[in-house]
Amino acid sequence: MCPARGCGSTSRWPRCWRLHSDNALVVSLLFAAYMAPSVAGAPLVGRLLPATAQRLGMVVFVVGVTGILVALVTTSVVVMTTATIVASVGQGMGVSASMRALLLGSTAAERPSLMAAIYLACYTGAMVPSIIAGQLSHVLPTVTIAFGYGVLALVATAITLVFARNPSGA
């Protein structure tokens, strides 16, 4: 078993990321814990104004990310799973509120183009830090890179808290 803070080489990374588990079911459950609960975010903020929902979603997301970082340091699967669910719900809240704000006032004919542009921006925004993290993984431990992502989450939350606005007509 490798200590979480020592996960730096690519040969040891998978075992460390699994929180000392070689069980594929654990990793699958963690992945499901992140993907599935995000759909619960939209109904939780559906009645809020978009800017309020974005702010709330980002705060919930950053609380979840903080829990994930704690789980990586403490190597707790229970904390990791719980924090992952919280982050997922927060992401669902923020994304649904943002989509609602961006699509407000658009016609059915305009929505496919708008959605394509939104997804292009989202995936490009995720790609850049992923490429950087991939390169840094050759010289930095996994937990250090995870903390870098935590800093990005904090910065994005601060930007959202300060600059989120409701579109006219919301």
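Here are a few things to note about the model shown:
- Simple spin-label estimate for MET127 and ARG165 in nanometres, 7 Å along Cα-Cβ: 2.9
- For the pair LEU114 and ALA32, the difference between a 0.36 nm per residue extended length and the Cα-Cα distance amounts to 26.7 nm.
- Mean separation of Cα contacts under 8 Å, 6 or more apart, over the residue count of region 11-163: relative contact order %: 29
- As a proxy for reagent exposure, ranking THR144, THR160, THR124 by other Cβ atoms within 10 Å from fewest up yields THR124, THR144, THR160.
- Chain lengthening between LEU25 and VAL155 when straightened (0.36 nm per residue, less Cα-Cα): 43.5 nm
- Candidate membrane-span-like segments in the chain, meaning DSSP H helices with Cα atoms spread over at least 24 Å of their own axis and a Kyte-Doolittle mean of -0.5 or above, are 50-74, 77-103, 111-136, 142-163, with no membrane implied.
- Taking 0.36 nm per residue of separation and subtracting the Cα-Cα distance, full extension of the segment from VAL39 to THR74 would add 9.8 nm.
- Within the listed set GLY134, GLY41, GLY94, the residue fluctuating most in the Gaussian network model of the chain (springs between alpha-carbon atoms under 10 angstrom) is GLY134.
- Computed helical MRE - 222 nm, the chain, DSSP H runs ≥ 4 contributing -39500 (n - 2.57), nearest 500: -24000 deg cm²/dmol
Rule-based calculations on the coordinates, nothing more; no lab input. Source: prediction; values computed, not measured. Cβ sites come from the backbone with ideal geometry, for glycine too, and all protein chains shown count toward neighbours.
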